[in-house]
Amino acid sequence: MNLHYTYFLILAASIAGPLLLSFDKKVAFYKQWKYLFSAMLLPALFFIVWDEFKTRSGVWSFSEAHIVGLKLSSLPIEEVLFFFIVPYCCVFIYECVRIYFPKVIGQKWGKSVLLLMGEAFFVIAVLAWGKDYTFYTALFNALFIGSLYLFKKWFAGFDASSFLISYAVTVVPFLIVNGFLTAIPVVTYNDAENLGFRIFSFLPWPMHNIPVEDIFYGMLLILMNVVLFEKLRSRAT
C-alpha cells in the first residue's frame, strides 16, 4: 500500500459505516443532510483557522509520508476533510441515540453537568496558561458552553443530556481513529504545548499515544456541530 494514502484511508474507513447506515428506515439520517451540511460550515472554518495557526506555531505537525501532499496553506487536505467527516459520523451517532433511546432527551441533569464541565474548563484554562493545546482547548470549550447558557433562548433546540450521552458513545470510535492517527503517527504533538498525559499509555499500539486534550478538542468540534444542527432543524419546524 502507498503510505501517502494512510490519512485518507483512515477517514474513508471512518465514514463508510455511518454513510451507508444513513439510509436506515428508522433513522433516515439522509433527510437531515440539509441541516447538517449547513451546520458543518462554521465549526469547520473555526477549526481550520485554529489548526492552521497551531500547525504553523509547532503545537502539532503532520507526517509527510502519510498524506497525499495536497494542502490548504499548511494543512493537509485530509485534515480539512477531518472537520467534515468526523462531525458527520458523530452527529449520525447523536441522531441514532435520540431515535433509538428517546428517554435520553430532556433529562434535567444534562444542563447541570454541562455547566459544571464549562466551569471546570475555565479553571483548567487558567491553570494551563502557557501550554497552547491545553489552554485553548479548555478556553474555547468554556466560552462555547458559557454561550449556550447566556443565550439559551437562541439555542432552545439544544438538549444537553442528548449530547452528553451521545458523545460518551462517540468517544469510543473517535479514540480509535485518533489512536491510529497518533500511533502511526500521522499527527505528532509537541508535548511542551500540552499536559503530556496520554489517555491509554498502559495499552498496546495503537491506543497508547493519544493526548488527553484530544477528547475535549473532539468534544468542542462535535458540540458546535450538534448545537448548530439543532438550531437549523428547529427553525425549520
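The values are calculated or read from the model by the stated rules, or taken from the named source; none is laboratory data. These figures come from a predicted structure and were not determined experimentally. Counting neighbours? That spans all protein chains shown, and the Cβs are built from the backbone with ideal geometry, glycine included. Ligands, DNA and RNA are stripped out before the accessible areas are found, and what is left, the full protein with its side chains, is counted by its heavy atoms. Shrake-Rupley method; radii C 1.70, N 1.55, O 1.52, S 1.80 Å.
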Sole exception among (1) within 23 Å of residue 231 (Cα to Cα); (2) within 19 Å of the chain's Cα centre (by Cα); (3) open to solvent by 70 Å² or more (accessible area, probe 1.4 Å) for residue 152, by number
(2)
Exactly one of 142, 192, 183, 128 is within 19 Å of the chain's Cα centre (by Cα) and modelled with pLDDT of 90 or more, and that residue is 142
Residue pairs qualifying under the 6 Å Cβ cut-off, at least six apart or on distinct chains, with the first in region 70-87 being free of Cβ contacts under 8 Å to residues at least 60 places away in the same chain and farther than 13 Å from residue 19 by Cβ and the second being among the aliphatic types (A, V, I, L, M) and part of a loop (DSSP other than H, G, I, E, B), are 77/70
Can you name every residue in region 1-33 that is assigned to a helix (DSSP H, G or I), open to solvent by 50 Å² or more (accessible area, probe 1.4 Å) and in contact (Cβ under 8 Å) with a residue 60 or more places away in the chain?
3, 4, 5, 8, 19, 21
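The rows are residues; the columns are (1) polar (S, T, N, Q); (2) open to solvent by 80 Å² or more (accessible area, probe 1.4 Å).
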{"residue": "68", "(1), (2)": "no, no"}
{"residue": "72", "(1), (2)": "no, yes"}
{"residue": "88", "(1), (2)": "no, no"}
{"residue": "100", "(1), (2)": "no, yes"}
{"residue": "103", "(1), (2)": "no, yes"}
{"residue": "107", "(1), (2)": "yes, no"}
{"residue": "110", "(1), (2)": "no, no"}
{"residue": "113", "(1), (2)": "no, no"}
When residue 183 is run through (1) under 30 Å from residue 67 (Cα atoms); (2) crowded, with 21+ Cβ neighbours inside 10 Å; (3) aliphatic (A, V, I, L, M), the failure sits at (2)
